[in-house]
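Peer 1: Dropping a structure here in structure tokens format, bear with me for questions.
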Amino acid sequence: MAIDKLTGENSLAFIKSEQLFDYARSNSLWYLAFGSACCAIEGLMHASGPRFDFDRMGVFFRASPRQADVMIVAGTVNLKLAETVRTLYDQMPEPKWVVAFGACANTGGPFREYPNVLLGVDKILPVDVYVPGCPPRPESIHFAFRELQKKIRGRAEERLEARRDSR
Amino acid sequence: MRPDVTAVDRALTSFGSKYSVCDAQVGIIVACDQSDALPILQALRDSELDFAMLLDLFGRDVDGKIEITYHLRSYSRDQELYVRCHLDHDGDLHSVWTVYPSALMPERETAELYGLTLSDHPNPKRLLTTDGVPPLLRKSVPIRTVEEVRSR
Amino acid sequence: MTEPHFTVTESGLMTPEGMYIPGEPPKGIRRIPKGVDRLGTEHLIVNMGPQHPSTHGVLHLIVELDGEEVVTVEVSIGFLHRGIEKLAESRRFDHLGTLMDRGDYVSVIHGEQAVALAVEKLMEIEVPAKAAWIRTLTAELTRLASHLVWFGTFGLDTGAMGQFLYAMRDREVLLDILEEISGQRMMFNYVRPGGVVADLPTGIESRILSFCDTFEVYLEEHDALLGGNEIFQARVKGIGVVSKETALAFGLTGANLRASGLGFDVRRDRPYDAYPELEFDIPIGTIGDSWDRYTVRMEEMRQSLRMIRQLVGGMPGGPFTAKVPKVLRPPAGEVYASVESSRGETGIHLFTDGGTTPYRMHYRAASLFTCQLFEEILPGHLFADACMLLGSFDIMLGEVDR
């Protein structure tokens, strides 16, 4: 659905409220500025820098988990950090999404053999989008957000369908 | 780069036979007991050799012992020296932070990762890992195998 | 309870440096001597980090505050401990670079270089001139890229925003050049024992030189934008003074040590690769405050540019790597090799037993020693200055925890 096509003179759009909310949500994904390791340089700093300019997609960083919608887990999560990551996730308001950015957050990456390292952040949180690479390029975090937007917009339709079926 | 062995001997005359000096591949190494490390380091720092900085401190698990190495550097004479001592597994690491405050964190790290106890230290807590993690740098603690990683 | 640091009289505010003149920046109020417990109220414990925008990663500071003044600090690290030293014992010698890359992940080439130098020392490999020059060239480009990250985030810590965007703009150009040389944007894995992985691509010299020409101008702009700003100067000058004795006692190296007035640089005093053949100056600070650390790093960037021009101009011909066996098997022994990385002296202490993997690799991380200085230097400062001070020392948490 493209709302911008309907904006003309005296135009009128009929839209389900849930669809509207999810449409708005998908266009203002604020992420938590929590860079743990190397991937943060590429995924958070360079991606929000002048060339890869995140902000034009409505993606902007928030320093507090209370104001964030998306958590980008960029880096290795070890047993000591796992507690912090989970606490931050719990502090974020619903609805919330998680992007596992880089090999370490997906599976443990080059440090998977070390007993202190968690084998992927999906052991402790639900992950929506996995981005491979060590580190992934900043373009891939754009791709991750496009995928996340698709997922969020699809979610509304799925829910509406489920409601229709139950009626 | 390498200090004179006689100069090191001169600085440590008061210690008699508690130490030995050898000229190794990596540099001049002073070997001693860990309990004597603090006075020996103090003597080396305050001597004419002027080892003002503890550049590094690390351990190694070798031949059933934990080997502790202190890497000293003198900027005024541009020389480097190693002080080395051996400890038993679960031995007691005496802190040298009163002489070199730069040993504070490396000592905690070494004690934790080799399973040593730390004495005379102002904050002898774990530094890098949480409770229950084994002393990871010991040779007896294995890393994960390929099967363990694959079946994650 | 000690005497208050300033008094309010009928005619105005009396500071230790004289009467406060309205309209002028207040003098002396900011500099509170250590150990003052002026308010006499209950102290407040603040947990700063591991998720905090100005700790540059996952540093955790437990700060005890008396009003706005820091009384004690405890540095808690280990949130990024992922066993580089342990995993090195199961990696082959030419694979150690991949682990070192992820140690200090902003100045990447230096870690690889330290490992390569250590293995070469053990095996007595003679590195061809061209390999040494390429290594030095990439090392200096990396130093620029790393200092640009420091420059951008240090400004953010003091409250400025614009210079971060400009620093990132220039860093993108640098990363493009390094990507063309090595094939990756960030984790190059370019330097191996014996030389480098691949020759320089054709036409890269002109790109580097044109970058130098533009960046030379931009660097002065950056310096004027941030260093020329009166607010910035007021925030950093005289704050966080590290005397030469403190710096030596806590094991500071690199730019932080030079800012405190001791001119030791591994590139000059323990020369490696192509540094003996280059002309460069070592900037030295005077009192070791945050302003000195700022000026020393800015001057280092100018010197790096100077070196890059020399390196591109005098690049020798010949092979880009020595003839080394596919599987390296150094003789049993012990060796220490160090390089000047962007954060200080990065050293590799390598123990071998004649096998294909190291017996023990110790990574001497400069940031770990800088990190423990915070417990000494932060008390007595205002909490707002603490954030700025963390930025001025330029630590990298991947290196602290290893």
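The values are calculated or read from the model by the stated rules, or taken from the named source; none is laboratory data. Predicted, not measured: the structure shown is a model, and the values here were computed from it. Using ideal geometry, Cβ is built from the backbone for each residue, glycine included, and neighbour counts are taken over all protein chains shown. Ligands, DNA and RNA are stripped out before the accessible areas are found, and what is left, the full protein with its side chains, is counted by its heavy atoms. Shrake-Rupley method; radii C 1.70, N 1.55, O 1.52, S 1.80 Å.
Peer 1: Within the range A:76-85, is even one residue at positive phi, in a loop (DSSP other than H, G, I, E, B) and crowded, with 19+ Cβ neighbours inside 10 Å?
Peer 2: Looking for residues that are at positive phi, in a loop (DSSP other than H, G, I, E, B) and crowded, with 19+ Cβ neighbours inside 10 Å, one finds none in the range A:76-85, hence no.
Peer 1: Looking only at the range C:59-72, which residues are open to solvent by less than 10 Å² (accessible area, probe 1.4 Å) and modelled with pLDDT of 85 or more?
Peer 2: Listed by number, the residues that qualify are C:LEU59, C:LEU61, C:VAL63.
Peer 1: Condition check: within 14 Å of chain B (Cβ to nearest Cβ) and in contact (Cβ under 8 Å) with a residue 60 or more places away in the chain. Does C:GLY398 satisfy that?
Peer 2: In short, yes.
Peer 1: OK, next. For the range C:211-233, how many residues meet the condition of being open to solvent by less than 60 Å² (accessible area, probe 1.4 Å), in a helix (DSSP H, G or I) and of a type outside the set (Asp, Glu)?
Peer 2: The qualifying residues number 9.
Peer 1: Can you tell me which residue among C:GLU179, C:GLU245 is open to solvent by 30 Å² or more (accessible area, probe 1.4 Å), part of a helix (DSSP H, G or I) and within 30 Å of C:GLU126 (Cβ to Cβ)?
Peer 2: C:GLU179
Peer 1: If you go through the range C:185-198, how many residues are farther than 16 Å from C:SER146 by Cα and open to solvent by less than 60 Å² (accessible area, probe 1.4 Å)?
Peer 2: 8
Peer 1: Oh, and also: For the range A:14-37, give me the residue count where each residue is open to solvent by 10 Å² or more (accessible area, probe 1.4 Å) and at the interface with another protein chain (Cβ under 8 Å from one of its Cβ atoms).
Peer 2: 2
Peer 1: Something else now. Can you tell me which residue in the range B:1-22 is most open to solvent (accessible area, probe 1.4 Å), limited to those that are closer than 13 Å to B:GLN79 by Cβ and either without any contact (Cβ under 8 Å) to a residue 40 or more places away in the chain or touching a strand residue (DSSP E or B) at 6+ places or on another chain (Cβ under 7 Å) (or both)?
Peer 2: Here the residue is B:MET1.
Peer 1: Out of all the residues in the range C:108-127, is one or more open to solvent by 10 Å² or more (accessible area, probe 1.4 Å), within 13 Å of another protein chain (Cβ to nearest Cβ) and either in contact with a helix residue (DSSP H, G or I) (Cβ under 8 Å, 6 or more places away or on another chain) or not in a helix (DSSP H, G or I) (or both)?
Peer 2: So far as the range C:108-127 goes, yes, one or more of its residues are open to solvent by 10 Å² or more (accessible area, probe 1.4 Å), within 13 Å of another protein chain (Cβ to nearest Cβ) and either in contact with a helix residue (DSSP H, G or I) (Cβ under 8 Å, 6 or more places away or on another chain) or not in a helix (DSSP H, G or I) (or both).
Peer 1: Something else: Determine whether A:GLY154 is surrounded by fewer than 20 Cβ atoms within 10 Å (Cβ to Cβ) and small (Gly, Ala, Ser).
Peer 2: yes
Peer 1: From (1) open to solvent by 10 Å² or more (accessible area, probe 1.4 Å); (2) more than 10 Å from every other protein chain (Cβ to nearest Cβ); (3) within 13 Å of A:HIS142 (Cα to Cα), pick out the condition that doesn't hold for A:ASP69.
Peer 2: Failed condition: (3).
Peer 1: Another question, if that's okay. Do you know which residues across the range B:142-152 are more than 8 Å from chain C (Cβ to nearest Cβ) and open to solvent by less than 80 Å² (accessible area, probe 1.4 Å)?
Peer 2: Result: B:ARG144, B:THR145, B:VAL146, B:VAL149.
Peer 1: Residues C:MET388, C:MET361: which one is assigned to a strand (DSSP E or B) and among the aliphatic types (A, V, I, L, M)?
Peer 2: Among C:MET388, C:MET361, only C:MET361 is assigned to a strand (DSSP E or B) and among the aliphatic types (A, V, I, L, M).
Peer 1: Hey, another quick one. Is it the case that the range C:303-313 has a residue that's under 23 Å from C:CYS387 (Cα atoms) and either in a loop (DSSP other than H, G, I, E, B) or open to solvent by 30 Å² or more (accessible area, probe 1.4 Å) (or both)?
Peer 2: no
Peer 1: Using the structure shown, decide if C:HIS43 is touching an Asp or Glu at 6+ places or on another chain (Cβ under 9 Å) and open to solvent by 10 Å² or more (accessible area, probe 1.4 Å).
Peer 2: So C:HIS43 passes the test.
Peer 1: Let me ask something else. I'm trying to understand the selection: among the residues of the range A:116-134, which are touching an Asp or Glu at 6+ places or on another chain (Cβ under 6 Å) and closer than 30 Å to B:GLU112 by Cα?
Peer 2: If the condition is that a residue be touching an Asp or Glu at 6+ places or on another chain (Cβ under 6 Å) and closer than 30 Å to B:GLU112 by Cα, then no residue fits.
Peer 1: In the list C:GLU299, C:GLU334, which residue meets the criterion of being of a type in the set (Asp, Glu), surrounded by fewer than 23 Cβ atoms within 10 Å (Cβ to Cβ) and in contact with a strand residue (DSSP E or B) (Cβ under 9 Å, 6 or more places away or on another chain)?
Peer 2: C:GLU334
Peer 1: From the list C:THR357, C:THR321, C:THR352, exactly one residue is within 30 Å of C:SER210 (Cβ to Cβ) and either within 15 Å of the chain's Cα centre (by Cα) or of a type in the set (Ser, Thr, Tyr) (or both). Which is it?
Peer 2: C:THR321
Peer 1: Can you tell me which residue among B:ASP50, B:ASP78, B:ASP63, B:ASP90 is in contact with a helix residue (DSSP H, G or I) (Cβ under 8 Å, 6 or more places away or on another chain) and surrounded by fewer than 21 Cβ atoms within 10 Å (Cβ to Cβ)?
Peer 2: Among B:ASP50, B:ASP78, B:ASP63, B:ASP90, only B:ASP78 is in contact with a helix residue (DSSP H, G or I) (Cβ under 8 Å, 6 or more places away or on another chain) and surrounded by fewer than 21 Cβ atoms within 10 Å (Cβ to Cβ).
Peer 1: Considering only residues that are away from every other protein chain (no Cβ under 14 Å) and more than 13 Å from C:LEU350 (Cβ to Cβ), which ones fall in the range C:93-107?
Peer 2: Residue satisfying the conditions is C:ASP94 alone.
Peer 1: Return the residues of the range A:73-99 that are within 12 Å of chain C (Cβ to nearest Cβ), within 18 Å of A:VAL131 (Cβ to Cβ) and among the hydrophobic types (A, V, I, L, M, F, W, C); say none if nothing qualifies.
Peer 2: A:VAL73, A:ALA74, A:VAL77, A:VAL85, listed by residue number.
Peer 1: Please indicate, with yes or no, whether at least one residue in the range C:249-266 is open to solvent by 30 Å² or more (accessible area, probe 1.4 Å), among the charged types (D, E, K, R) and either under 25 Å from C:LEU122 (Cβ atoms) or not in a loop (DSSP other than H, G, I, E, B) (or both).
Peer 2: So far as the range C:249-266 goes, no, none of its residues is open to solvent by 30 Å² or more (accessible area, probe 1.4 Å), among the charged types (D, E, K, R) and either under 25 Å from C:LEU122 (Cβ atoms) or not in a loop (DSSP other than H, G, I, E, B) (or both).
Peer 1: Another question about this same structure. Sort out which residues of the range C:79-101 are touching a strand residue (DSSP E or B) at 6+ places or on another chain (Cβ under 8 Å) and either open to solvent by less than 20 Å² (accessible area, probe 1.4 Å) or assigned to a helix (DSSP H, G or I) (or both), and write them in order of number.
Peer 2: Hits for the range C:79-101 are C:PHE79, C:LEU80, C:HIS81, C:ARG82, C:GLY83, C:ILE84, C:GLU85, C:ALA88, C:ASP94, C:LEU96, C:GLY97, C:MET100.
Peer 1: Which numbered condition in (1) part of a loop (DSSP other than H, G, I, E, B); (2) more than 18 Å from B:ALA43 (Cα to Cα) is the only one that B:VAL99 fails?
Peer 2: Result: B:VAL99 passes all but (2).
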